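Undergrad: Have a look at the structure that comes next, please.
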Amino acid sequence: MGDELPEVERNLLQRGLEYRIVEAPEPGDAEREAREALASGERFLVAVGDDVTVHEVVNGMIEDDRPVAQDAVLGVVGAGSGNDFVKTFGLPGDSSRAVAVLTGDRLFPIDVGKVTCVQDGGGERSRYFANVAQAGLGAAVLARSARAPRSLGRGGYFLSFWSTLARYRHSEVRIRAGLQEFEGRALNVVVANGQYHGEGRRISPRSWPSDGLLDVLVQTGPKSDAFTRLPQMYHGDHLPDPNITELKGRRVEVESDRPLAVEVDGNVVGITPARFGIIRLAVRLKI
């Protein structure tokens with residue numbers, strides 16, 4: 001984000017917008033700064049960065065399953081890579097056009113997901129998420145890529161993908177979504193509030209983040225589906241698929257025969273068993 005900050009500032013000044021920049025270089029900084037800004041009376045928060053930045057700001061805007069401030073507004077200016085959250089709403093992914101959106105008066109209330117899972121050291125942990133969660137292969141790849149040298153850039157993710165896929169195996173899972181259930185072998189479980197994830201894949205095209213429901217996609221096919229289905233996923237044309245079981249519900253529970261990594265909005269947050277729920281219309285998004 002630092003490389004794009006001068007361009008963001010130039011666009012803010014050009015449009016005569018008042019602003020205060022708060023840098024958040026370390027994990028957790030953006031969440032803390034968002035909460036402190038709301039406590040001091042500020043009501044328009046703009047996440048400048050990727051989906052991880054949006055994740056932190058959203059967590060700063062919600063406490064005890066309700067908005068910290070009912071009249072707060074979230075704006076998003078995509079910077080860097082990994083800007084999938086904004087794609088569901090047709091918002092621009094570049095900082096110049098995204099700043100222009102901030103001048104409008106259109107607001108769109110969105111649901112926010114909540115996950116409660118097991119921490120690696122034991123005990124439970126809860127986090128809110130605006131976009132997409134995964135348990136299984138997708139989260140395992142992300143966990144491995146987080147350990148890759150930063151010098152590899154995006155190459156670190158692809159290296160992690162292939163090395164994880166080579167050794168990954170299906171798990172026996174039991175999933176409850178509302179009144180629906182699934183029990184069987186699965187490679188990955190997606191729990192989606194938004195539609196896009198993983199560098200532009202329209203992984204859950206039937207999701208809509210204001211319908212009060214989470215869309216669950218249980219990927220049961222062979223490991224080769226993880227790459228042979230990619231072209232269709234970028235367009236959202238991979239559904240229906242006999243190797244993907246679709247479920248929907250306000251509450252989702254995922255259990256497995258072995259602990260599976262769980263990630264939300266690009267953050268690995270723990271392992272299964274995991275419970276997911278919806279906080280209705282918790283954030284007002286500037287569109």
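Undergrad: Can you give the angle from 0 to 90° between the axis of helix 51-61 and the longest principal axis of the chain, with both taken from C-alpha atoms, to the nearest 10?
TA: 70 degrees
Undergrad: Residue by residue through segment 30-43, which ³J(HN,Hα) values in whole Hz follow from phi under the Karplus form 6.51 cos²θ - 1.76 cosθ + 1.60 (θ = phi - 60°), with glycine and proline marked x?
TA: 5, 5, 5, 5, 5, 5, 5, 5, 5, 5, 8, x, 6, 10
Undergrad: Quick check on the exposure proxy: order 256, 95 from fewest to most C-beta atoms within 10 angstrom.
TA: 256, 95
Undergrad: Okay, next question. About its Cα centre, what dipole magnitude does the chain give when the only charges are +1 on Lys and Arg Cβ and -1 on Asp and Glu Cβ, stated in debye to the nearest 20?
TA: I would put it at about 640 debye.
Undergrad: Per residue of segment 77-93, what does 6.51 cos²θ - 1.76 cosθ + 1.60 with θ = phi - 60° give for ³J(HN,Hα)? Whole Hz please, x for Gly and Pro, Karplus curve as stated.
TA: So the J values, rounded to whole Hz, are 10, x, 9, x, 9, x, 9, 8, 3, 5, 5, 4, 9, x, 7, x, x.
Undergrad: For residue 165 and residue 237, FRET efficiency with R0 = 30 Å and r from the beta-carbon atoms, rounded to 0.05?
TA: 0.85
Undergrad: Across 10 Å bins from 0, what is the distribution of all Cα-Cα pair distances for segment 2-111, in whole percents?
TA: Per 10 Å bin, starting at zero, the Cα-Cα P(r) for segment 2-111 comes out as 14, 49, 35, 2 percent.
Undergrad: Please give me, ordered by residue number, the trypsin sites (Lys or Arg not before Pro) of segment 16-101 that lie in loop per DSSP and have at most 16 other Cβ atoms within 10 Å.
TA: Sparse-neighbourhood loop trypsin sites (Lys or Arg not before Pro): 20, 43.
Undergrad: Which of the lysines could be linked to residue 286 by a straight reach, that is with a Cα gap under 22 Å, when you skip same-chain ones fewer than 8 residues away?
TA: Cross-link targets: 87, 114.
Undergrad: Roughly what angle does helix 137-146 make with the longest principal axis of the chain, taking Cα atoms, 0 to 90 degrees, to the nearest 10?
TA: 50 degrees
Undergrad: Show that you can apply the helix-only estimate: for the chain, add -39,500 (n - 2.57) for every DSSP H stretch of four or more residues, divide by all residues, and state [θ] at 222 nm to the nearest 500.
TA: One gets -7000 deg cm²/dmol as the mean residue ellipticity at 222 nm.
Undergrad: Also, quick follow-up: Around residue 202, what is the net charge, scoring Lys/Arg as +1 and Asp/Glu as -1 over all other residues with Cβ under 14 Å from its Cβ?
TA: -1
Undergrad: Let me ask something additional. Among 44, 161, 129, 85, what is the fewest-to-most ranking by other Cβ atoms within 10 Å?
TA: Sorted ascending by nearby Cβ count, the order is 44, 161, 129, 85.
Readers should treat all values here as calculations from the given coordinates under stated rules, not as data from a laboratory. These numbers come from a predicted model, not from an experiment. So basically every Cβ, Gly included, is an ideal-geometry build from the backbone, and we count neighbours across all protein chains shown.
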